[in-house]
Amino acid sequence: MQTGPSLGPRRLPKARSTNEYQRGSYATILLYAIARFGKTNLLRQLLKAGYKPLVLSVGEMGDSRGLTTVADLDIPVVEVDDWDTAKVVCAELKKGKYDGHEFDVIFNDSLTGFGYIWTASGLKALGWDEIGVAGAGKDTRQIYSYIPEKGRQTMNMLFDIPAHLVCICREGLTEEGEGKSKITYPCPELPGQKLNRELPGWPDAVVYGKFFNGKRVFLTEAEGKTIAGIRMPEGTRFPKYMQADLSLLIKGMKGDLDAIEASKIPSATPTRPTVNAK
């Protein structure tokens, strides 16, 4: 066998069967939607269903940090505003308890906020004050190759936490083509041109929050260029439009068929009273 300079003999990995890769212990979810969709308010469903969420408030501005809509609830919040803090917080969360608080769901509010941290970390590493315009010795492509790596590191840290993971993200827009053939479609709002295509492939569920027939729903399947999808066993799937309920999503992903059934959008109420047949 070949040997590396310092690794010694390299062992071939053992071949495994696909049936060894069963459903993981925890659901991993990316939810993206427009501002004011009510993403943070979805915490209420988790509490009502008996979950114990912990909010990872990342890169949010202002004293309220976007949490005013849930200020009447008692949920632990950990504030993260720089890369060094993110690393030590995630290391502590891996222990399954934080500052005396037990949790079974990490609610990352938000991945868009993490984008600000990745950018700031990249600027610091390059010794720049701002991205600005390319100039002598300042190629803006440098930072946009740095940011995706920070995104990968972040998701690995979050996946290592022993809890269900919900990452919320603001909706951005991306374009393809030129002129009359150019199309615009929604995507997660993340820095650069790479992460909004790459990162959605990592969680087991990517859902897009939208309004359908006047109701707030989750899109669970790709629709045109809009990214959405949930990894489920063969023969099991959520409805294309499901109720915007994170507790039902987590339970269904863990194999609760009743939760999948309950996630269906209720049929419209008849506009006229129904007359019973005699």
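The values are calculated or read from the model by the stated rules, or taken from the named source; none is laboratory data. Note that this is a predicted model, so its numbers are computed, not measured. Positions of Cβ are generated from backbone atoms using ideal geometry, with glycine treated the same way; all protein chains shown enter the neighbour counts.
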**Asked** For the subset of the stretch 92-112 comprising residues that are acidic (Asp, Glu) and modelled with pLDDT of 95 or more, which member is nearest to the chain's Cα centre (by Cα)?
**Response** 104
**Request:** Determine which member of the set 83, 128, 118 is more than 25 Å from residue 245 (Cα to Cα), in contact with a Pro (Cβ under 7 Å, 6 or more places away or on another chain) and aromatic (Phe, Trp, Tyr).
**Result:** 118
**Message:** Name the residue that is surrounded by the most Cβ atoms within 10 Å (Cβ to Cβ), counting only residues in the stretch 212-223 that are modelled with pLDDT of 90 or more and not aliphatic (A, V, I, L, M).
**Reply:** 218
**Qualifying positions in the stretch 13-46 - out of contact with any Pro (no Cβ under 7 Å at 6 or more places or on another chain), outside any loop (DSSP other than H, G, I, E, B) and modelled with pLDDT of 85 or more** = 31, 33, 40, 41, 42, 44, 45
**Request:** Would you confirm whether any residue within the stretch 235-247 is closer than 12 Å to residue 263 by Cα, buried (at least 16 other Cβ atoms within 10 Å of the Cβ) and in contact with a Leu (Cβ under 6 Å, 6 or more places away or on another chain)?
**Result:** yes
**Request:** Would you mind telling me which numbered condition in (1) touching a residue at least 60 places away in the same chain (Cβ under 8 Å); (2) under 23 Å from residue 205 (Cα atoms) residue 148 fails?
**Result:** (1)
**Prompt:** What single numbered condition from (1) within 18 Å of residue 110 (Cα to Cα); (2) touching an Asp or Glu at 6+ places or on another chain (Cβ under 7 Å); (3) surrounded by fewer than 21 Cβ atoms within 10 Å (Cβ to Cβ); (4) small (Gly, Ala, Ser) fails to hold for residue 192?
**Reply:** (2)
**Item:** Hey, residue 201 within 12 Å of the chain's Cα centre (by Cα), of a type outside the set (Lys, Arg), under 30 Å from residue 265 (Cβ atoms) and surrounded by fewer than 16 Cβ atoms within 10 Å (Cβ to Cβ) or not
**Value:** yes
**Prompt:** For the stretch 47-63, which residues satisfy the criterion of being modelled with pLDDT of 80 or more and not in a helix (DSSP H, G or I)?
**Reply:** 49, 50, 51, 52, 53, 54, 55, 56, 57, 58
**Pairs, first among the charged types (D, E, K, R) in the stretch 93-111, second surrounded by fewer than 13 Cβ atoms within 10 Å (Cβ to Cβ), C-beta under 9 Å, six or more apart** = 94/160; 102/96
**Prompt:** Would you pick out the residues in the stretch 226-267 that are part of a loop (DSSP other than H, G, I, E, B) and either without any contact (Cβ under 8 Å) to a residue 24 or more places away in the chain or among the hydroxyl-bearing types (Ser, Thr, Tyr) (or both)?
**Reply:** 228, 232, 234, 235, 236, 237, 240, 256, 263, 266, 267
**Request:** Would you check which residues across the stretch 224-234 are in contact with an Asp or Glu (Cβ under 8 Å, 6 or more places away or on another chain) and either within 18 Å of residue 188 (Cα to Cα) or surrounded by 15 or more Cβ atoms within 10 Å (Cβ to Cβ) (or both) and list them?
**Result:** 225, 228, 229, 230
**Message:** Being at pLDDT below 90 and β-branched (Val, Ile, Thr) is the filter here; which residues of the stretch 113-138 pass it?
**Reply:** 119, 131, 133
**Message:** So for the stretch 139-152 (the condition being surrounded by fewer than 18 Cβ atoms within 10 Å (Cβ to Cβ), at pLDDT 85 or above and among the basic types (Lys, Arg)), does at least one residue qualify?
**Reply:** yes
**Condition met for residue 149 (farther than 22 Å from residue 54 by Cα, part of a strand (DSSP E or B) and over 15 Å from the mean Cα position of the chain (by Cα))** = no
**Request:** Have a look at 89, 70 and point out the one that is modelled with pLDDT under 95 and aliphatic (A, V, I, L, M).
**Result:** 70
